[in-house]
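First up is the structure itself, then whatever we jot down about it.
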Amino acid sequence: YVGTANKDYDISGFIKALLKLKALEISFKWNIVGEFSDEIKKQIKESGLNPFVQFHGYLPHNEAIKHTIAADLLLLIIPNVKNNKLIYSGKLFEYIATTNPILCIGPHDGDAAELIKKNELGQNFFYNEEDKIHRYLINFLNKFKNNDLAIRGFNPNRFSRETLTGKLSKLLKVNI
């Protein structure tokens, strides 16, 4: 995970899914680059997951990007707030650029979930779907063991700032 998360970032289902991995004695590491609220840190600590979590704190953007690229699976959390279906974070597009799979936690019918599903970039789960998240993580780990994680047939440049700005520029010229 790269970014900031406050109390509106509901990770309870994700934590429960990780606890199921822990119970199966499956090895994993959750790197967190950025700032998590004290409430979320407390939730992680009380769950007993601290040995599996590495908090890197705030890092300069170029260092954070290096962690994003190096990740095997990227966690995207859509805040559990009113109108969250409309949230597209800049982080989503940075994640897409890596071509690493994305595990998104948020509304099923949100814009981020639709983009991830339409382009087969990963999977979206609602906040409390720990069983589904757990099954996805098991499937992911099996693909990891078989070196089968790549997102095939997807061109992340479609979502680059340059490409999107070019499209916007063309739209603005047409409507003037």
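Nothing in this text is a laboratory measurement; each read-out follows from the coordinates by a stated rule. Since the model is a prediction, treat every value here as computed from it, not as a measurement. FYI the Cβ positions are ideal-geometry reconstructions off the backbone, even for glycines, and counts take in every protein chain you see.
Details
- For the range 1-45, a residue qualifies if it is farther than 29 Å from Lys145 by Cβ and hydroxyl-bearing (Ser, Thr, Tyr), and the qualifying residues are Thr4, Tyr9, Ser37.
- Once the range 22-38 is narrowed to residues that are loosely packed, with under 13 Cβ neighbours inside 10 Å and assigned to a helix (DSSP H, G or I), the residue that is farthest from the chain's Cα centre (by Cα) is Ala23.
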